[in-house]
1. Taking a virtual spin label 7 Å from the Cα of residue A:22 along the C-beta vector, which residues in segment A:77-116 bring their backbone nitrogen under 20 Å of it?
2. Per-residue mean of other chain beta-carbon atoms within 10 angstrom of the beta-carbon, peptide B:188-195?
3. What is the gain in length, in nm to one decimal, between residue B:75 and residue B:157 on full extension, counting 0.36 nm per residue of separation less the C-alpha to C-alpha distance?
4. Grab the alpha carbons of the protein assembly as shown, take their convex hull, and tell me the volume per residue in Å³.
5. What shape does segment A:64-120 take by its C-alpha gyration tensor, where a ≥ b ≥ c are the square roots of the eigenvalues and a/c under 1.5 counts as rounded, a/b above b/c as prolate, and the rest as oblate?
6. Just check chain B against the gyration tensor rule for me: Cα atoms, a ≥ b ≥ c as the square roots of the eigenvalues, rounded for a/c under 1.5, and otherwise prolate or oblate depending on whether a/b exceeds b/c.
7. Arrange the following residues from fewest to most other Cβ atoms within 10 Å of their Cβ: A:24, B:383.
8. Using a ≥ b ≥ c from the Cα gyration tensor of segment B:61-147 (square roots of the eigenvalues), is it rounded, prolate or oblate, where a/c under 1.5 gives rounded and otherwise the larger of a/b and b/c decides, a/b for prolate?
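What follows draws every value from the coordinates through simple rules; no lab data is involved. Because the structure is a prediction, the values reported are computed rather than measured. Neighbour counts run over all protein chains shown; Cβ positions are idealised from the backbone, glycine included.
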């Protein structure tokens with residue numbers, strides 16, 4: 001089955017919708033077994049890129065499995081994403097998307113929590129498009145109290 | 001049995017020093033006195049030397065309401081200046097870090113060298129009649145000293161030397177910090193809706209480890225956890241006897257059995273709290289340093305640094321970052337929870353719904369004994385001159401080491 005640019009866009013959007021719904025089973029199904037998930041940002045204080053989270057598929061599953069046992073921000077996260085570029089290579093797609101993450105607390109107050117970009121490498125696994133690598137490149141460096149869920 | 005208002009507002013029936021008046025976290029006058037009498041008179045971590053390795057490298061930081069520039073001079077020495085032009089008080093540098101031979105104010109282009117000397121006044125002839133010249137317009141220098149790579153500043157020109165202030169409190173970190181060259185690889189900030197002291201209480205009272213699933217499983221559940229004594233030092237510092245943490249108890253994590261930082265064994269946890277607001281925590285392979293900057297009674301900036309061994313392999317650094325981030329990154333499993341804990345406390349303190357906070361755990365000075373927090377407030381009292389149990393009462397036993405010096409300081 002041949003996949004086109006619209007399928008790549010839909011995959012990126014599906015990853016956001018699954019996270020927003022806290023449908024972690026569907027979210028994990030969007031990744032290859034070889035997943036590399038990273039959250040990075042540049043530190044002007046240290047003049048270097050920092051890695052704030054780096055997980056493979058197994059580590060991501062553990063992170064999600066343990067979420068119910070953690071004390072975390074209560075409320076809802078909304079991810080607004082626009083896929084600006086999707087480029088096809090011989091064995092993969094590369095997609096660049098801009099991310100805006102908002103947080104609405106239990107009283108209904110909404111604030112902008114973070115902005116950044118998804119840099120995705122997307123591959124075909126068993127005839128399905130899957131995210132093989134996602135780098136969340138944050139512009140925001142103060143993430144509220146800190147966040148337990150994937151961005 | 002629940003309490004009525006009178007009972008709720010009655011001080012708890014525990015020994016002196018075993019509780020605090022909740023207004024200690026919310027009162028603006030107390031906050032202002034802390035800034036003036038405590039924070040501007042004690043040593044505060046500014047940065048690690050690896051953040052300014054080259055001549056001309058600088059970092060800007062805030063401390064007790066003052067913007068500061070920490071700079072390594074052309075002579076190799078580290079100095080700190082208030083980041084304020086001696087002309088019209090404009091901030092000179094905005095960037096969090098950089099390198100400069102001269103610091104030039106963008107407002108009227110006055111320039112200063114890395115020793116704080118004014119080296120350029122634009123169109124100086126306009127000052128000839130009023131005795132203003134480069135020679136008398138230097139920057140305000142702030143006392144700066146280094147210990148084990150940690151750069152501390154003290155706004156009090158007459159403050160005791162850093163080595164005397166710290167004493168032996170860093171004894172359990174001297175090998176970690178002093179054996180191999182370290183560098184900061186992680187830096188992040190949190191601006192929390194909480195009082196600065198609340199943050200440091202979480203670094204000292206380990207009873208709250210029950211609230212973290214990672215701490216419950218990897219530490220509190222470990223044999224010997226409750227047997228470790230705190231060691232208290234002069235000037236309000238404290239350390240806790242180490243523990244071999246079992247990281248594998250948390251699903252998906254492994255024990256930390258290799259690439260330990262110097263002097264640490266498998267899984268080893270160490271902590272030192274340097275009064276008033278700097279904490280170092282080592283977890284075998286990773287090291288965190290945090291320090292706070294109070295912004296308002298209910299708002300605090302906390303800076304977190306993670307350190308590794310300079311020049312280590314990419315593979316080792318990736319491992320060390322992972323271990324650091326598991327607990328302490330902004331997406332970690334521990335630090336965000338601490339922030340949420342203290343914000344929940346601030347929410348009830350804010351308008352007086354809560355009147356007292358208990359610091360009454362007594363476990364023979366062991367891990368979850370509140371003795372180290374009680375010692376913190378005894379030291380706090382010396383500077384601020386108020387009773388922590390009732391901030392309306394001026395302390396009669398304190399040395400008033402802050403208040404007595406108030407008039408002496410010229411900033």
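1. Only A:77-80, A:101-114 pass the distance filter.
2. Working: counts 9, 4, 5, 3, 3, 1, 1, 0.
Counting Cβ atoms of other protein chains within 10 Å of each residue's Cβ and averaging gives 3.
3. Result: 27.3 nm gained on full extension.
4. 182 Å³
5. Taking the square roots of the gyration eigenvalues as a ≥ b ≥ c, segment A:64-120 is oblate.
6. oblate
7. Lowest to highest Cβ neighbour count: A:24, B:383.
8. prolate
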